[in-house]
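Everything on this sheet refers to the single structure shown next.
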Amino acid sequence: MTPIDAKSAPGPWSRMQEKSIEQLHIRLESIVVLLGLITLMTILSPYFFSISNFMNILLATSTIGVLAIAATFVLSSGGLDLSLGSVMGLSGVVGAAFAVNLGMPTPVAVIATVGAGALAGLVNGFVITRGFVPAFIVTLGMLGIARGLALVISDGRVIYGLPEWMLFIGQGRLFGIPMPVIIFIVVALIMHIVLAYTRYGRHTLSIGDNENAARTAGINVEFHRLTLYTLSGGLAGLAGLLFATRINSGDPTAGITYELTAITAAIIGGTNLFGGRGSILGTMIGALIMGVLQNGLNLLAVQSYYQQMAIGGVLVLAVFIDQYQQRQETKV
Amino acid sequence: MSKTLKYSTAGLATMAAVAMSVPAHAEEYAILMKTLANPFWGAMGKGVEEGARNAGVEYYLQAVESDQAAESQLNVCNTMLERKPVAMITAAINSTNLLPCLKKAQSQGIKVVDLDGNLDPDILAAEKIDITFSIGSDNVKAGAQGAEYMVSQLGADAQGAVLVIEGLSGNITGQKRANGFAEALKELAPGLEIVASLPGDWDRGKAANITNDILTRNPDLKGIFAANDGMALGAVESVFAAGKGDDVIIIGVDGNSDAVKSIKSGRLTASVAQLPYLVGKQALENVKMAVAGNDVEKQVIVPTLVLTQDVMEAGTEPMLEFVK
């Protein structure tokens with residue numbers, strides 16, 4: 001299909017594309033890729049297409065999915081948060097230390113877990129907006145600081161034995177659906193609405209699109225950034241909570257390199273690395289593409305080394321298709 | 001582009017068709033390792049494959065990208081259960097990361113095996129997980145064997161300073177080895193005094209620095225015990241650089257290929273070799289017995305072997321074939 005055709009008489013594909021982008025803020029290509037992968041895996045492995053396996057995929061995607069939501073917000077504002085994985089590890093350890101070492105009740109421990117992440121994010125945001133240090137440097141520093149702190153608090157060991165009510169968050173089920181999956185989907189839906197339909201979301205995207213224009217338009221860019229990094233840290237804390245309660249312990253090494261996986265999911269889902277565009281539903285599809293790919297390859301007994309290659313390939317391909325289409329559009 | 005849509009609808013139809021016809025499958029053993037990139041786990045993986053071939057069983061082996069990918073290993077574990085194996089043989093990254101998966105396996109009647117003793121019996125009891133058996137080396141004994149060999153070289157009435165280089169602070173394996181060494185040394189040769197016991201964090205460079213520092217303080221150092229071979233090899237460099245290569249006995253643990261080379265060339269004195277290949281092989285054979293309904297030992301200890309230049313040159317030790 002040439003761009004001129006597209007202008008003169010839009011085909012069904014481009015009409016659908018336009019609708020999907022306007023109404024749900026997602027790219028249709030990524031849904032096609034996801035369905036294509038599901039079809040392929042179903043044909044290749046007899047174990048793939050079952051409710052329990054789909055639950056596996058969603059459960060495996062829940063932690064990384066929550067981190068990817070954080071990555072989408074920060075990236076689409078033109079920022080970067082490299083400390084996501086470390087902050088997730090730190091939060092889980094802080095929560096376990098509160099619950100096990102200090103014997104705090106579950107609500108306090110839960111708030112401490114998410115709060116530790118939000119606090120780390122607040123520190124990031126503060127140094128970035130008030131200290132004028134680039135986000136790359138600040139969050140790279142936090143990557144080391146948070147990981148080190150997690151190891152110090154836990155003395156390098158997993159802190160085992162969370163209280164029963166806390167375990168419900170990671171191991172409980174509601175209507176047969178694992179709790180982490182429910183929490184992940186609810187958070188994703190809320191955050192999708194925030195980014196796509198609220199003023200907060202529009203400000204986020206416009207800062208990422210053109211910071212100076214946003215400032216001229218009267219947006220308090222510095223304060224908005226501060227809240228974005230705090231939100232990002234808080235979501236990393238939530239991811240830490242989900243993982244710690246799943247394995248009944250705070251693991252100081254949890255989440256190593258997850259920041260990169262989260263950014264990958266966001267970009268496969270259509271987020272612009274340099275800001276101005278992003279959608280949570282798109283990111284969820286990106287995360288699911290990776291989840292389905294990994295799950296399917298595991299069922300087919302493909303070594304994990306090839307899985308990393310496959311995901312790297314999908315990432316580059318996704319951005320290639322995106323760039324190709326943008327070039328076609330600007331040619332007109 | 002609209003063809004893509006047609007193809008995917010066609011695909012969805014096939015998907016539904018395939019889903020209805022899941023074929024029956026032969027008995028399969030699922031094996032979940034850490035990462036095969038580490039020679040220790042690589043050797044264990046080879047032993048598992050050999051054991052499966054000998055036992056004539058089908059196996060399905062997966063590993064993760066690094067030995068810190070705890071959640072990734074849990075996800076792979078859950079996925080592996082979809083293939084409904086008869087046994088789930090795991091080398092867990094830490095004592096808790098696989099707990100939900102092992103619980104699920106147990107509830108589905110799948111036998112759970114702990115490869116290399118990574119699971120903690122107390123935690124398993126608290127989680128009500130009843131594993132079929134645990135197999136691995138005894139790390140306390142490995143440390144004690146190091147002490148025995150050191151005393152056999154220096155004599156029971158020897159006097160002097162000894163350095164212990166521990167593993168990563170807080171790591172249970174390193175602690176067991178260092179404690180095993182210290183206790184056996186106190187008993188066998190009370191005259192040998194441990195002047196320092198410091199964490200080398202499994203790091204060759206760090207161990208070399210520690211050795212340098214202690215040699216400055218105790219120039220008459222008699223022996224060094226390091227909780228793994230990498231650190232022992234770091235100590236070797238410092239000792240030889242200080243010109244004391246002939247005066248200090250250096251012992252590591254693992255028996256990895258670098259250590260074997262160093263022992264052969266007369267630099268590292270000895271290494272208490274673990275036999276990961278044998279652990280893997282024996283694990284598979286025991287699982288087969290358990291699946292057939294026979295009783296198996298709950299705690300299988302695979303022996304460790306003190307590797308020295310003499311042992312390797314003689315070549316008569318039957319377990320040498322398992323040093324990979």
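Tally up the residues in region B:48-91 that are small (G, A, S) and more than 13 Å from B:V287 (Cβ to Cβ), please. Talk me through it step by step, then tell me what you get.
Narrowing region B:48-91 to residues small (G, A, S): B:51-52, B:55-56, B:63, B:66, B:69-70, B:72, B:87, B:91.
Retained after the next criterion (residues that are more than 13 Å from B:V287 (Cβ to Cβ)): B:63, B:66, B:69-70, B:72, B:91.
Residues meeting the conditions: 6.
Being away from every other protein chain (no Cβ under 14 Å), at negative phi and within 16 Å of the chain's Cα centre (by Cα) is the requirement here; does A:G117 meet it? Walk me through how you get there before you give the answer.
Numbers: away from every other protein chain (no Cβ under 14 Å): yes; at negative phi: yes; within 16 Å of the chain's Cα centre (by Cα): yes.
Taking the combined requirement at face value, the residue satisfies it.
Of everything in region B:150-193, what is under 30 Å from A:G148 (Cα atoms) and out of contact with any Gly (no Cβ under 8 Å at 6 or more places or on another chain)? Give them in sequence order.
B:V164, B:I172
Can you tell which of B:L5, B:L12, B:L36 is within 9 Å of chain A (Cβ to nearest Cβ), outside any loop (DSSP other than H, G, I, E, B) and either over 20 Å from A:F49 (Cβ atoms) or modelled with pLDDT of 80 or more (or both)? Let's see the steps before the verdict.
On the way: B:L12 fails: either over 20 Å from A:F49 (Cβ atoms) or modelled with pLDDT of 80 or more (or both); B:L36 fails: outside any loop (DSSP other than H, G, I, E, B).
Result of the check over B:L5, B:L12, B:L36: B:L5.
Do you know which residues across region B:257-279 are surrounded by fewer than 24 Cβ atoms within 10 Å (Cβ to Cβ) and in contact with an Asp or Glu (Cβ under 6 Å, 6 or more places away or on another chain)?
Matches in region B:257-279: none.
In region B:151-184, what count of residues is obtained for those that are more than 14 Å from chain A (Cβ to nearest Cβ), in contact (Cβ under 8 Å) with a residue 60 or more places away in the chain and under 21 Å from the mean Cα position of the chain (by Cα)?
Selection size over region B:151-184: 3.
Run A:M55 past the list (1) under 22 Å from A:M166 (Cβ atoms); (2) out of contact with any strand residue (DSSP E or B) (no Cβ under 8 Å at 6 or more places or on another chain) and report the number of the one that doesn't hold.
Condition not satisfied by A:M55: (2).
For region A:303-321, indicate whether the set of residues that are more than 14 Å from the chain's Cα centre (by Cα), surrounded by fewer than 22 Cβ atoms within 10 Å (Cβ to Cβ) and not in a helix (DSSP H, G or I) is non-empty.
Checked against the condition, which is being more than 14 Å from the chain's Cα centre (by Cα), surrounded by fewer than 22 Cβ atoms within 10 Å (Cβ to Cβ) and not in a helix (DSSP H, G or I), region A:303-321 yields at least one hit.
Tell me which residues, restricted to region B:283-312, are assigned to a helix (DSSP H, G or I) and in contact with a helix residue (DSSP H, G or I) (Cβ under 7 Å, 6 or more places away or on another chain).
Restricting attention to region B:283-312, the residues satisfying the condition of being assigned to a helix (DSSP H, G or I) are B:283-291, B:309-312.
Listed by number, the residues that qualify are B:A283, B:L284, B:E285, B:K288, B:Q309, B:M312.
From the list B:A63, B:A70, exactly one residue is within 13 Å of chain A (Cβ to nearest Cβ), of a type outside the set (D, E) and touching a Ser or Thr at 6+ places or on another chain (Cβ under 6 Å). Which is it?
On the way: B:A70 fails: touching a Ser or Thr at 6+ places or on another chain (Cβ under 6 Å).
That would be B:A63, the only listed residue that is within 13 Å of chain A (Cβ to nearest Cβ), of a type outside the set (D, E) and touching a Ser or Thr at 6+ places or on another chain (Cβ under 6 Å).
Go through region B:87-145 and count every residue that is within 14 Å of the chain's Cα centre (by Cα), among the β-branched types (V, I, T) and at the interface with chain A (Cβ under 10 Å from one of its Cβ atoms).
1
Would you mind stating whether B:A144 is more than 17 Å from B:M33 (Cα to Cα), modelled with pLDDT of 95 or more and small (G, A, S)?
Working: more than 17 Å from B:M33 (Cα to Cα): yes; modelled with pLDDT of 95 or more: yes; small (G, A, S): yes.
The answer is yes for B:A144.
Consider only pairs whose beta carbons are under 9 Å apart and that are at least six residues apart or on different chains; among these, list those whose first residue lies in region B:209-221 and is on the phi < 0 side of the Ramachandran plot and whose second residue is in a helix (DSSP H, G or I) and surrounded by fewer than 16 Cβ atoms within 10 Å (Cβ to Cβ).
B:N212/B:A241
Go through (1) crowded, with 22+ Cβ neighbours inside 10 Å; (2) more than 10 Å from every other protein chain (Cβ to nearest Cβ) for A:N101 and report which single condition fails.
The number of the failed condition is (1).
Residues B:M312, B:M319: which one is at pLDDT below 90, more than 20 Å from B:G45 (Cα to Cα) and of a type in the set (A, V, I, L, M)?
Values: B:M319 fails: more than 20 Å from B:G45 (Cα to Cα).
When all the criteria are applied, what remains is B:M312.
Could you check A:A214 against (1) free of Cβ contacts under 8 Å to residues at least 24 places away in the same chain; (2) within 12 Å of chain B (Cβ to nearest Cβ) and say which number it fails?
Just one mismatch for A:A214, condition (2).
Quick one: how many residues across region A:225-265 are at the interface with chain B (Cβ under 10 Å from one of its Cβ atoms), within 12 Å of the chain's Cα centre (by Cα) and surrounded by fewer than 24 Cβ atoms within 10 Å (Cβ to Cβ)?
Summing the residues that are at the interface with chain B (Cβ under 10 Å from one of its Cβ atoms), within 12 Å of the chain's Cα centre (by Cα) and surrounded by fewer than 24 Cβ atoms within 10 Å (Cβ to Cβ) in region A:225-265 gives 1.
If A:Y229 satisfies all but one of (1) within 17 Å of A:S76 (Cα to Cα); (2) in a helix (DSSP H, G or I); (3) out of contact with any helix residue (DSSP H, G or I) (no Cβ under 6 Å at 6 or more places or on another chain); (4) of a type in the set (F, W, Y), what's the number of the condition it fails?
In the conditions (1) within 17 Å of A:S76 (Cα to Cα); (2) in a helix (DSSP H, G or I); (3) out of contact with any helix residue (DSSP H, G or I) (no Cβ under 6 Å at 6 or more places or on another chain); (4) of a type in the set (F, W, Y), A:Y229 misses (3) alone.
Which residues, taken from region B:235-265, are assigned to a helix (DSSP H, G or I) and without any contact (Cβ under 8 Å) to a residue 60 or more places away in the chain?
Within region B:235-265, the subset assigned to a helix (DSSP H, G or I) is B:235-241, B:257-264.
Listed by number, the residues that qualify are B:V236, B:E237, B:S238, B:V239, B:F240, B:A241, B:D258, B:A259, B:K261, B:S262, B:I263, B:K264.
Each row is one residue, and each column tells you yes or no for (1) within 14 Å of chain B (Cβ to nearest Cβ); (2) touching a strand residue (DSSP E or B) at 6+ places or on another chain (Cβ under 7 Å).
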residue	(1), (2)
A:V292	yes, no
A:L297	yes, no
A:A301	yes, yes
A:Q307	yes, no
A:V319	no, no
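In this structure, does A:L28 turn out to be more than 13 Å from every other protein chain (Cβ to nearest Cβ) and over 22 Å from A:N295 (Cβ atoms)? Write out each step before concluding.
Values: more than 13 Å from every other protein chain (Cβ to nearest Cβ): no; over 22 Å from A:N295 (Cβ atoms): yes.
Answer is no for this residue.
Take the residues of region B:196-212 that are over 22 Å from the mean Cα position of the chain (by Cα) and surrounded by 23 or more Cβ atoms within 10 Å (Cβ to Cβ): which is nearest to B:K222 (Cα to Cα)?
Among residues in region B:196-212 that are over 22 Å from the mean Cα position of the chain (by Cα) and surrounded by 23 or more Cβ atoms within 10 Å (Cβ to Cβ), the one nearest to B:K222 (Cα to Cα) is B:T211.
Kindly list the number of the only condition in (1) closer than 21 Å to A:A188 by Cα; (2) within 14 Å of another protein chain (Cβ to nearest Cβ); (3) in contact (Cβ under 8 Å) with a residue 12 or more places away in the chain that fails for A:Y47.
(1)
The values are calculated or read from the model by the stated rules, or taken from the named source; none is laboratory data. Quick caveat: nothing in here was measured; it's all calculated off a predicted structure. Heads up, the Cβs are rebuilt from the backbone with ideal geometry, glycines too, and the neighbour counts pull from every protein chain shown.
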